[in-house]
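The values are calculated or read from the model by the stated rules, or taken from the named source; none is laboratory data. Quantities reported herein were computed from a predicted structural model and do not represent experimental measurements. When we count neighbours, we look across all protein chains shown, and the Cβ atoms used for this are built from the backbone with ideal geometry, even at glycine.
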Amino acid sequence: MSLIQELKRRNVIRVGVLYLVAAWLLLQLTDVLSSLLPVPESAGSLVILLLVLGFFPVVIFAWVFEMTPDGIKREVDIDRSQSVTPDTGKKINTVIVVLLVLAIGGMIADRLIPESSVDTEVAAVDVVEAPAAVDNQADDRSIAVLPFADLSQDQDQQYFTDGLSEELLNLLVRVDDLRVASRTSSFSYRDSTLDIPEISKALNVGHILEGSVRKDGDRIRITAQLIEAGTDTHLWSENFDRELTDIFAIQDEIANAIVNALTGELGMGGEKAVTVEAVTENLDAYELYLTARELFIKRERLPESIRLFRKAVELDPNFARAWAGLGAVEAVADEWVFGDGVDHAPLAKAAADKALLLNPDLSMALAVLGSVAADTDFDQIASFDYFAAAIEKDPKNTTAWLWQGIRHKKVGFIDEAIVSLQQCLAIDPGYQNCRQHLADAYLLKGEVEIAVNLCNETLEHVFHSVSDAFVSTYVRTGHRNLALHIADARLGSAGAPVIEWIRAIENPDADNSSGLARLIDWERRTSSGERLSSASVMFLSFRAYDELTEDPNEATYALWHPDGDEFRTTPQFESIIHELGFFEYWQARGFPPQCKPIGDDDFECGRP
């Protein structure tokens, strides 16, 4: 009999597999307990060492001994004709399957339970409503455009149909006296099981436009229907069968049919109330633009978005909106795309400049220049001038309101930030990034209950843009598990030893240097690049102020945090203020309420 066959007969291989599965399960349990209990940092390594050392005695034992109905006996003392190793093997197989089920179930629970725990924790926090910026009381002069369904045979036209829906939305925005629900809000009901009255109530609108697109080669069929939401009555519906030679003429036709239908019902609009201007004569470039823009909006596959925008402007170098879209995605790429070795800021500026050369009225291109001026050139004065110009060109550009609010917050003007971010939400209540930055602004202002309520709303949508600012707040209010969840989400890896951050918050007077060292070692071992700097507020808990100077742009989220009283008295804080051009901005436009000048070249700041 060969060695392999003998190993199988004596169940040595089965015992080895059982040991490895049990060891894996034990390691998962150790990882969970080490995050919840004050165990030494070396506990995990010690468990692994013991498990490795234990493997060899276990397999040797399985070779030498055998389980019998009379107990454990040496294998050489057993008559093979009376051996029960086949039955023992079946039992071992059963145990292996059970342990694998437990291990896999634990992994699934680890992915699902944190979401549920967030909901439980969030529900437990007291709710105080934030002041509203604008009263969007429901009326009949309002409409939401739901994303059109893709009925094409290959189901591969979602980007095109989404683009068509959004273009119709943008056209209806121009109609006087008509309030149009934002794209983010209305598109969130894609594939919703809610009926029209329920959706309209949630969106606070009186009318719903829905439809479908079927594209087949150069032919397109668009079905659109306008519904009175309160009664679920169809006011108008029509099919449009066209050659796909001028999509803008089709958009013009549909938009004006909708406006005429609304005119009869509400006495608004008028003949030819909407005029569609063709943004490009190249249909291929337009489809590339729609796909690239959708990826940018979702912050998905941004390198692909950049590639598609570039292809669009190659096909039509005069496609101004494609240049503006390219500038927008390049403007956020340094924050969202890691490890590509590209400096995206100059590319963002070049694309925005080209867009404005083609069309000086493009709001998004101006907003891109504002972002570049603030974060790359550190010219805060120019930045705010660009944002003001962008908003003047398009007062409903929510991204411009958001970026302006973020920069107001960074330079210390918290009240002004709140106004901008509230305006962003008044235009688009579904814009979670605006909501979370507004929550952060209220936290900096000291309105903790309002801030927590707003942050909770974003966490329910699993949104973690700047939620790390709330980690210490949740710890101190008894929501430790929620704080752990947020810290883990912000650092970007389930393996991050975020428990060290929590311990530093809970024990502010202790020596927490070993905890910080463990986090830095994790970052080094996982090649995580910017993960720690992306949670800059964490360094306040460790009093690691030198770490904040490594990335001044990220450090801005810690400048005015309630935990930063000591930090605001340090040379590191002063260095960041000067490096980012904040002091020059204050000298030109005035100091924020919490800061005051000292002579011509110095200042001091406290809590907002």
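The set of residues in the range 208-263 being in a strand (DSSP E or B) and β-branched (V, I, T) consists of I208, V213, I220, I222, T223, I227, T233.
Only one entry in A382, A390 is touching a helix residue (DSSP H, G or I) at 6+ places or on another chain (Cβ under 6 Å), part of a helix (DSSP H, G or I), crowded, with 21+ Cβ neighbours inside 10 Å and on the phi < 0 side of the Ramachandran plot, namely A390. The set of residues in the range 314-326 being surrounded by fewer than 24 Cβ atoms within 10 Å (Cβ to Cβ) and in a helix (DSSP H, G or I) consists of E314, L315, A320, R321.
Scanning the range 584-599 for residues that are hydrophobic (A, V, I, L, M, F, W, C), assigned to a helix (DSSP H, G or I) and over 13 Å from K410 (Cβ atoms) yields a single hit, A588. Checking the structure you have, find out if any residue of the range 474-481 is modelled with pLDDT under 95, within 12 Å of M538 (Cα to Cα) and in the same structural domain as S541 (by TED's automatic domain parsing). The answer is no, given that none of the residues of the range 474-481 is modelled with pLDDT under 95, within 12 Å of M538 (Cα to Cα) and in the same structural domain as S541 (by TED's automatic domain parsing). Of all residues in the range 183-199, which are surrounded by 18 or more Cβ atoms within 10 Å (Cβ to Cβ) and more than 26 Å from the chain's Cα centre (by Cα)? Result: I196, single match.
Summed over the range 335-373, residues that are among the acidic types (D, E) and either crowded, with 20+ Cβ neighbours inside 10 Å or under 18 Å from L402 (Cα atoms) (or both) total 1. Before we move on, is S513 surrounded by fewer than 18 Cβ atoms within 10 Å (Cβ to Cβ), farther than 28 Å from G599 by Cβ and among the hydroxyl-bearing types (S, T, Y)? For S513, the condition - surrounded by fewer than 18 Cβ atoms within 10 Å (Cβ to Cβ), farther than 28 Å from G599 by Cβ and among the hydroxyl-bearing types (S, T, Y) - is met.
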